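Novice: Just dropping this structure here.
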Amino acid sequence: MNNPLIDNKKTAKCDECGSNFYKKSSKMAALCPECSHILYGYEPCKHDMLNGKCTMCYWDGSVSEYIKKKISQMFVIKIRYIGTRQFFCKFNFAG
Ligand SMILES: [Zn+2]
Ligand SMILES: [Zn+2]
């Protein structure tokens, strides 16, 4: 009855992106590892996608509009940061 292997495979539906995920794979009961990482900074899953599902957390690649926005904001900040670094590098080594 209380088989931990079966328990590991119990899935829940993510409140944010709507994907199913293994309950044990996420720190949050209502969010998949992907969303809990982006929204709350929890350890991300190193997704291993097979046939459109992650073999480790069962996430199916769904991304909500809100998460998309968050990711693009993070991306812009990263680009700005890298851009500034390159600028300083050029500035320092140009002559
Ligand atoms: Zn999610
Ligand atoms: Zn995963």
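Only the coordinates and a few stated rules stand behind these numbers; no lab work does. Please read all numbers here as calculations on a predicted model, not as lab measurements. Methodologically, a virtual Cβ is constructed for each residue, glycine included, from the backbone with ideal geometry; neighbour enumeration extends over all protein chains shown.
Novice: List the pairs from LYS9/LYS53; LYS13/LYS70; LYS23/LYS53; LYS13/LYS53 whose alpha-carbon separation is above 19 Å, in the order I gave them.
Specialist: Cα-Cα > 19 Å for LYS13/LYS70; rest within.
Novice: From the backbone phi of the stretch 53-61, what are the Karplus-calculated ³J(HN,Hα) couplings (6.51 cos²θ - 1.76 cosθ + 1.60, θ = phi - 60°) in whole Hz, Gly and Pro given as x?
Specialist: 10, 6, 6, 8, 10, 6, 4, 9, x
Novice: Tell me, GLU65, GLU34, GLU16 in order of fewest to most beta-carbon neighbours within 10 Å? Walk me through the numbers before you get to the answer.
Specialist: Working: GLU65 9, GLU34 26, GLU16 20.
Neighbour counts put them in this order, fewest first: GLU65, GLU16, GLU34.
Novice: Continuing with this model, one more query. Please compute the Cα-Cα pair-distance distribution of the stretch 10-93 with 5 Å bins starting at 0, giving whole percents from short to long.
Specialist: Whole-percent P(r) values from 0 Å outward: 3, 16, 20, 20, 12, 8, 7, 6, 4, 3, 1, 0.
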